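The values are calculated or read from the model by the stated rules, or taken from the named source; none is laboratory data. Source: prediction; values computed, not measured. Cβ coordinates were reconstructed from backbone atoms using ideal geometry, including for glycine residues, and neighbour counts include every protein chain displayed.
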């Protein structure tokens, strides 16, 4: 009589092993969260920004932070300093922060 075969045990697949190892690495998790945040900000930027970053009014020039309609104020040209404009040209809103 032939010897009884040992029961076949399924081993975890390659990608399951990779996923388990990455999930236990804190640096990988932190970098993944940062990258996910950048992707989400890029996707939802039009919803958060107050309008077109270069469309402005000279009447609203250098509005302070918290001005109605301009959460982060305006720059020298009256354009909104917000999340969308920070991506486009972030340095132009710095003078308003130091007044």
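Within the set of pairs 6+ apart or on separate chains, which have a first residue in the range 39-60 that is on the phi > 0 side of the Ramachandran plot, a second that is at pLDDT below 75 and not in a loop (DSSP other than H, G, I, E, B), and C-beta atoms under 6 Å apart?
These pairs meet every condition: 51/80.
List the number of the failed condition for residue 80; all other conditions in (1) modelled with pLDDT under 80; (2) exposed (fewer than 15 other Cβ atoms within 10 Å of the Cβ) hold.
Result: residue 80 passes all but (2).
Could you list all residues from the range 13-48 that are farther than 30 Å from residue 81 by Cα and either at pLDDT below 80 or surrounded by fewer than 10 Cβ atoms within 10 Å (Cβ to Cβ) (or both)?
13, 14, 15, 24, 26, 27, listed by residue number.
Just to check your reading of the model, which residue among 10, 63, 4 is at pLDDT 75 or above, surrounded by 10 or more Cβ atoms within 10 Å (Cβ to Cβ) and not in a helix (DSSP H, G or I)?
Being at pLDDT 75 or above, surrounded by 10 or more Cβ atoms within 10 Å (Cβ to Cβ) and not in a helix (DSSP H, G or I) holds for just one of 10, 63, 4, which is 63.
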